[in-house]
Structure formats: structure tokens, C-alpha cells
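Asker: Once you've had a glance at the structure underneath, I'll fire off some questions.
The values are calculated or read from the model by the stated rules, or taken from the named source; none is laboratory data. Bear in mind the structure is a predicted one, so any value in this text is a computation, not a measurement. Glycine gets a Cβ as well: all are built from the backbone with ideal geometry, and neighbour counts include every protein chain shown.
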Amino acid sequence: MSSIILRTGVRFVTPLMLLLAALLVLRGHNEPGGGFIGGLLAAAGLILQTLASGSGASRRLIRVAPLTLVSGGLLLAAFSGFLAMIGCGAFMTAIWVESLGLGTPLLFDLGVFMVVVGTTLTVIEGMAEGNA
Amino acid sequence: MLGEVLTGFVAAAFAAPLARRLPRLAGPILALVPLGILAALTWRYAGSAAPPRTSVAWLPGLGIDLAFRLDGLAYLFALLICGIGAVILVYAGAYFAGDRRRGRMLATLLAFMASMLGVVLADHLVALFVFWELTSVTSYLLIGFDHEQEKSRKAALQALLVTGGGGLALLAGVVLLAQAAGTWDISALAGQAQTIRASPLQLPIIVLVLAGCFTKSAQVPFHFWLPNAMAAPTPVSAYLHSATMVKAGVYLAARLNPSLGGAAAWEWALIGFGALTAVTAAAMSLRQHELKRLLAYSTVASLGVLIMLVGLAAPEGGADAVTAAKAVVLFLLAHALYKATLFLVAGSLTRATGLKDARLLVGLRRAMPLTFVAGVLAGLSMVGVPALLGYLGKESAIAAAWERHAAGPAMLALVLAAPPLVVVGLRVGVAPFLGSRRAVVADGAGTAHEVPTGMWVGPVALAVIGLVLGLAPMLLNRVVSETAAAVHGAPVAARLALWHGFNAVVLLDVAIVLGGVALWLWRSSIDRWTRRLARLAAFGPERGYALALEGTLAFGRVQTRLLQSGYLRRYLLVVFLFAIAVVGAALVAAHRPGAIGAALGEIVHVHAEDVLLVVMMVVAAVAVVHSRSRVAAVIALGAVGLAVSLVFVLYSAPDLALTQVLIETLTVILFVLAMRQLPFFVDLSSRRTRVRDLVVAVLGGGLMTTLVLLASHVQLGDEVASAYFAAEAVPQGHGRNVVNVILVDFRALDTLGEITVLALAAIGVIALVRGRTGLEARR
């Protein structure tokens, strides 16, 4: 599945999809979107790379193993929950910086994003490697 | 007191790195931890008249606190745990000299010590149970320390299954106890003794709690795990299987005696099982020749005596019960001191000579003078020679049984069990050092030497403490009074003395020692006689354990063969049929005639785009089934999914629609990748299987349709939850996208669980792919 048209197209499409994914995650709290959807979209963009240039292409792009992404995301999500406990709140209590519109739920969503990207890449790359 | 308990766990985390940096000093340095904890606890204990209590909310929603209380009983146990723990850490540091597992051993010992400390200090039933289980887990790690050996693994698993099974019973017992008494606080239970007695739950509570105690303290018929646990390295045996962990059952029985005692079932179960255990284990010890197994059986016998003594210390009993309560304390303390010493001496003997058999060890007093001192002091203490603490322990036990009933079962059990224990004391503590012959060394070359400092300093210290306390027992007056009061449930005044005057108890004591010496002298004829008894062991409870274990594994194999065919289509069939049966049965049970018709009748406005979508889905679904090319089938399947996401768009669920589109896209990609692996398309299924699949598909689809139609009419309360989320999303969640606010804020814990499942799935995929490529590589 290595056509020059696909490879050239992907070079433009993947960055756009990743950008859109980032947008979806960031605006997810107020508009349709969020970590899960963003993660799926980003994974789809990276998999396009895999389809165009063979397995390992997306790995070269993100430079970490998908499983590292998964564990990192899981840790980040858990960490966002533990933050509240420093201030003696219950686990998972949201902390907001109102003026900036930022809060721990965004961190949590970022964790979800990483887990989804990592898992999807793991599954698809696993299949692709099995093919090789 | 949470700090004291946690210190042990924290120290355990630093033990391994410390043992790497300072291998020789790690043992002594880490021994400072239990000594420090002990100093802190002593400070607390001596500093206040009433038992100090601390409490930290743990799970406030469930009323579970990490509450700790330091009364006499808790302090005595803390004294043993920390004091002997320090000795064991020093000993283990030297015992594992040059062994790279030294750090692991020290760390696990510290973790065990902290768990044990938690058990005896806990004042909340749930906290007690948690630490109780932690001791089971850490002891599993310690017994299975030599995990390369199958024997160790089996013994560790056996101990875990037996004590863990008892732990489950204990959990049930503890929950029932809290329900009956209306409190989780252990210190408040005694005040509720009448309430508990009046409760119908009393008997189940007693049975379940005692199941926990008896498994932990190796009472007949659960005694078999303890001698097998001798597969552990000697420091572990000395610590867990003589001085601390196996005493947890005794501790719990003693702790709950004021609240559960007084019931005939409690009293007779303790006396009966304790007496039976004492006699059985003492008789079995006569057949042993290996040092550690001799000690193991004598430990089981002593635990039986202790359980029996707790049974004699009835909370509303008279003077005999007070004597029994004091005997529990003295015997416990004496036993811990001499038995830990004897275990350590046995470990040193084996280390110095390479021999384990008591019959081969002779004449070592010149070669190992310091170990000799420790061994003789501890051995004679076990025999019960006056001026040693063991004498007071034994004398008080006999006095308690005698005062209860001069010809009662407790007295009988003591008279039968004590002489063999005298033999064990002599064989392990004294006999290896006596005699004129030179000791044989296992490897044939060289002679036995004294063990390094770290291995004799602890045993000697413990033995000397036994001597000092035996000579000046009045030092123990406060501890014994307050501990016995906690066991008895009423104030006790102990005035201990070296010599209580000449009476029947002294005569009995002399008779027991003479009986033990007689057993020792006629050991060959007794050996012949007991050989016949040994055959009975084939039908003993350990056989039952083996049968239960094998049975469970065999059942597992049969079940796997029946249910795990390995064919995806069969799994799918089972899953669908099961779902259809369960949901269908529920629908039939809640049958409301006309409901479906009413639901259909409500569909009045049918839009053109709806019809278009439905037609699209149906055409695509038929195409999936009829396609003769996999790619076409997958694309048609994707079309079904996209049509569904269009439905979401039409009915204004943009988040769902987005997710659905992406999932469909990725699924198609996944299918395409998977299909490149498959052979060319062949029609393999017969007509019959296709008809079967059709039936299942129609049933499943029909059921879902019915369910959806009926669901639109179900009233779920007033839809409180959705109204709440819609109203609170902006003020509390700072977001206008309610779906996302629920996902990452209101219900974030659920999401955390879901992404954890995702992560596990990713790991599973990696294992599958790697496993397969690994297999291919091997081919």
C-alpha cells in the first residue's frame, strides 16, 4: 500500500488532523469534542502515516512507544485526581483557575487523549507488524 | 500511632538500597527501626494512665478509621514484635552474608513487622482485618523466599491458602460482630458483651472468628501448614512461626475474649481445640529428628496450650480465670523468648555444621561456646527449670488448669503434652552441645566454628533476658497485670515471684520434667511405638487440603475444556444467545400488553431523511452478508455505521456522532489490516450454520428493537440525574458541553476506570502480537 499520491497527500493531511485533534481536546469542555474524540482523530491521522509509509512511520513521528503514551496518559489522569488531595480535598475534586479557564479536568482529558491515541496505535500497529 | 506502623513500611522501602550500599551494616542499622518504634510506643504507653488511642479517618463514608490503641495486651505484643524483630534483623543480616537477596529479605521482614504491629495496635475491626491479611501476604513472600525450590513454593502457597481462607472467614465474622455490637471499635466491643450474647448472630460470629484464629495459629485440623512452612529460611521461621505471626490467632482470641467469652461455645471450642492441638502436636514432635521440624511441632503444641488458656480465662469467671489470664501472658512471653532463641540456635548449628538432624549433632560446646550459652538457657527454659522465665510460664499454665479442675480436659492435655516438649527443649537446646565425641561436619572437611557475631549476639541477648526475667519476675508485674486485665476483661493484680511455695503444682511440674527425661531415655522403644501412629497421617487433614487443591484444579481444567473452544464464532454465539435469553426472559416477565403497539403508534412524524437512512442501512447490511469479497463487506459495514452516526447528527448528539464516525473509520482500517492476513475468500459455512446464524441474528435484532421501543416508555424517576447535570455543568463544571463535563469531572472516576481497561487491552494486544511473533521465531 505504498503509493506516491497517498504519501504526498498524507504529508498535508496528517498535520491538519493532528491540529484538529488538538482543537477538539481544547474546546471539548464547551463545544463538541474532548479527549476521547480528539484521541481517536489523532490516532487516525497517525495511522494514515502507517498506511502510506509502512509500520513504524507513526512511531518515528511521535518518537515514543505507544505503550509509553498509554502509561503516561494513565498516570497523568490519575495525577490530576491526586492534585486535589494535596489541598485535603477528596480524590478527583476539580481545581479551576477561573481567570484562565483552565483546570484539572483539562489535564484529565489530556490523559484520556494520550491513552486513546496510545491504545489505538498499539492495536493497529500490532496488526500492521503482524502483516510484515 | 499510625506513624509508628508506617515507619516500618517506609523502612522496608529503603532496606534494599541500603543493603546494596552497606551490605555488612544493613542488618544492625535496620534493627534500629523496630527499636525506635518500640521506644516511641514505650514513651506513649508509660506516659499515660489510660491506654492511648489515635484515630485517622480512612474511609469516612463507610465509617472506617485507622484507629490504634495501646493497652497492655497491645504493648506486650508490640514489645515482642519489635524486640524480637530487631534481633531477627541483625541475625538475618549476618545469616545472608554474601547473599545478594539480603536486601529483599530485610525489606520483607520489615514489611511483615509493620503489618504485625498494625494487627496488634488496630482498634478498628476493618483495620485489624487489613493488617491481618497483610501478614498473610508478607508471610507468603517470606516462606517462599527460596522460590527456585518447588518445596518452598508449595509450602508458601499452602500457608497462604489456609490462612487466607481463615482470613475470609474472619472478615465475615468481623462484619457480623460489628453488626451485632453496633460498633467497629474493638475497645468498645467489651462493653457490648451482653448485646452480642443476646444476638442471634453470636454463634456464627464465634465460628467464623475462631476459623480465622485457628488457621492463623495452626490449630488442629489446620496445623499442617506450619511444619511445612519450615521451608523458609531460619530467621523467618524464628520470627513468624514462633514469636509473632502464629501468635496473631492467640492475640485475636485473647482480644475478643472479654466480648465473646462467657459463651459456652467459645469457651469449649478454645479449650477443646487447644487441648487437642497440644496433645496431637506434642505426640507428633516425638517422631521428628530435624531441628526445625522438632521446633515447629512443639510450637504448634504451645499454641494449642495458649488457645486453651484463653478459653480458661472466662471474662466472668472466678479466681481460676484470673490465674488463666495471667498464665496466657506469662506463657506467651516465655514461649516467644525461648522458642525464637532455639530457632536461631538451630539455624546457627545448621550453618556451622551443615547438619539438620538432631541425632548427628553432638559435642559442639567447645566449638560454639556462645551459641551453647544461648541454647542451654533457652532449652532449659523450655524444659521449665526454675530461675528461667519458662518455668514461670509453665507453672502458671499448670496452676490455671489445676484450679479449673484437677482432672479436667485442660489438666489432662497439659500432662500429656508437656513431657514431649521437655524432650524438644533438651534435644535442640542442650543435646547438640554435650557429649565427648567431636561433631561431624557435613562436607567432611574442617571443623565447626562459632558463627559470626551477628548470629550469636541476638540469641544470647534473648536467652539472657529470659534468665533476668526468670530471676526477677517482679519486673513484669505491671505488664502482666494490664495484659491479663485485657484478656480477662476485669482488673487483675499480678504479684510475681521466683518461688510460689511448695504445692501440688510444683509436684506436677517435677513429674512432667521427669516424664520428659523418661521419654528421652526410652526414645528407641517410643520411636517404634509411634511409627504405627504415623501411618494415620496419610488420612490426616493435609490429605484433605491436597484433595481440595487437586479437585479445584481438575474442575478448572474441565470447565476450560467445556467453555473455551477457541473459536470466535462459538464465543459470539454463546454471548448473543445468553443475552437474548436473559433480556428476553426479563421482557416476558414484565409483559405489558399493547405497550409495543402504543410505542409504534407514537411514531407519527416520519421524516424523509429518516426513511432514507433506514433504507441505506438495510441495503448496506444485506450487502455485508451477501458480499463475496471481504473488502466490499467491510466497506458496507462501515456504511451501516456511518448511517448510524448520521442518525446521531439528526437527533442533535454531536459528540456521539463524532465518536461514531471516527470509530467506524478506524474499525474499517483495522479490518483491512487484519484481512491482508487471511487466505482467499472461501465459502466454508454450510447451509445449516447459515440458517442458525440467521435465526440468532433475527432474534437479537428483534429483541433490541423491542427493547428500544419499550425503553422510550420507561419512567426513570423524575430524571433527577440528567436535570442535575444539565443545571450544574456550567456553575460547577465550568463547561457548556455537558457530556464532556460528565466524562471528565462529574463521573471522572468512571472514566479513569475505562481508560485503565483501555490500557490493559493495549497490553493484551502487545502480548498477543509478541507472543505470536515469538512462536514464529522459535519455529
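Asker: Quick check on B:V56: is it more than 19 Å from B:A94 (Cα to Cα) and not in a loop (DSSP other than H, G, I, E, B)?
Answerer: In short, yes.
Asker: Being within 35 Å of the chain's Cα centre (by Cα), assigned to a loop (DSSP other than H, G, I, E, B) and within 23 Å of B:W520 (Cβ to Cβ): is that true of B:L355 here?
Answerer: yes
Asker: Here's something else I'd like to know. From the list A:L19, A:L61, A:L23, which residue is surrounded by fewer than 16 Cβ atoms within 10 Å (Cβ to Cβ), under 29 Å from B:L768 (Cβ atoms) and more than 10 Å from chain B (Cβ to nearest Cβ)?
Answerer: Every option except A:L61 fails the conditions.
Asker: Is there any pair with a first residue in the range B:729-741 that is more than 8 Å from every other protein chain (Cβ to nearest Cβ) and a second that is part of a helix (DSSP H, G or I) and crowded, with 21+ Cβ neighbours inside 10 Å whose Cβ atoms are under 6 Å apart and which are 6 or more apart or on different chains, and what are they?
Answerer: These pairs meet every condition: B:A729/B:V741; B:V738/B:A729.
Asker: Look through the range A:91-122, keep the residues that are surrounded by fewer than 16 Cβ atoms within 10 Å (Cβ to Cβ) and of a type in the set (G, A, S), and return whichever of them is nearest to the other protein chains (Cβ to nearest Cβ).
Answerer: My answer is A:G101.
Asker: Within the range B:66-86, how many residues turn out to be in contact with a Leu (Cβ under 8 Å, 6 or more places away or on another chain) and either polar (S, T, N, Q) or part of a strand (DSSP E or B) (or both)?
Answerer: The total comes to 3.
Asker: May I ask you to say which residue of B:T689, B:T706 is polar (S, T, N, Q), away from every other protein chain (no Cβ under 14 Å) and touching a Lys or Arg at 6+ places or on another chain (Cβ under 9 Å)?
Answerer: Numbers: B:T706 fails: touching a Lys or Arg at 6+ places or on another chain (Cβ under 9 Å).
Testing whether each residue is polar (S, T, N, Q), away from every other protein chain (no Cβ under 14 Å) and touching a Lys or Arg at 6+ places or on another chain (Cβ under 9 Å) leaves just B:T689.
Asker: If B:A632 passes every condition in (1) away from chain A (no Cβ under 14 Å); (2) modelled with pLDDT of 90 or more but one, which one does it miss?
Answerer: Tallying (1) away from chain A (no Cβ under 14 Å); (2) modelled with pLDDT of 90 or more, B:A632 fails exactly one: (2).
Asker: Out of everything in the range B:251-276 that is closer than 15 Å to B:L208 by Cα and of a type in the set (A, V, I, L, M), what residue ends up being modelled with the lowest pLDDT?
Answerer: B:A263
Asker: Now for a different question. Could you tell me whether the range B:160-179 includes any residue that is under 18 Å from B:A546 (Cα atoms), free of Cβ contacts under 8 Å to residues at least 40 places away in the same chain and among the small types (G, A, S)?
Answerer: yes
Asker: Oh, and also: Residue by residue through the range B:481-510, note down the ones that are in a helix (DSSP H, G or I) and without any contact (Cβ under 8 Å) to a residue 24 or more places away in the chain.
Answerer: Passing the criteria: B:L507, B:V510.
Asker: Turning to a different aspect of this structure: Given B:A711, B:A721, B:A748, B:A767, which one is modelled with pLDDT under 80 and either under 30 Å from A:A77 (Cα atoms) or in contact with a His (Cβ under 9 Å, 6 or more places away or on another chain) (or both)?
Answerer: B:A721
Residue-by-condition table, conditions (1) under 12 Å from the mean Cα position of the chain (by Cα); (2) over 30 Å from B:R736 (Cβ atoms):
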{"site": "A:L24", "(1), (2)": "yes, no"}
{"site": "A:H29", "(1), (2)": "no, no"}
{"site": "A:L41", "(1), (2)": "yes, no"}
{"site": "A:G56", "(1), (2)": "no, yes"}
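Asker: A further question follows. Could you tell me how many of the residues in the range B:398-418 are closer than 18 Å to B:L514 by Cβ and either surrounded by 21 or more Cβ atoms within 10 Å (Cβ to Cβ) or touching a strand residue (DSSP E or B) at 6+ places or on another chain (Cβ under 8 Å) (or both)?
Answerer: Adding up the residues that qualify gives 4.
Asker: Among the residues of the range A:26-58, what is the count of those that are farther than 16 Å from B:T659 by Cα and facing chain B (nearest Cβ under 10 Å)?
Answerer: The qualifying residues number 6.
Asker: Given the options B:A57, B:A46, B:A50, B:A26, name the one that is surrounded by 16 or more Cβ atoms within 10 Å (Cβ to Cβ) and among the small types (G, A, S).
Answerer: It is B:A26.
Asker: Six or more apart or on different chains, Cβ under 7 Å: which pairs go from a residue in the range B:659-683 that's facing chain A (nearest Cβ under 7 Å) to one that's modelled with pLDDT under 80? Could you list them?
Answerer: Pairs found: B:L670/A:M127; B:L673/A:M127; B:L673/A:A128; B:L673/A:N131; B:A674/A:M127; B:R676/A:N131; B:Q677/A:G130; B:Q677/A:N131.
Asker: Oh, and also: Name the residues in the range B:277-296 that are modelled with pLDDT of 90 or more and of a type outside the set (S, T, N, Q), would you?
Answerer: B:A278, B:V279, B:A281, B:A282, B:E290, B:L291, B:K292, B:R293, B:L294, B:L295, B:A296
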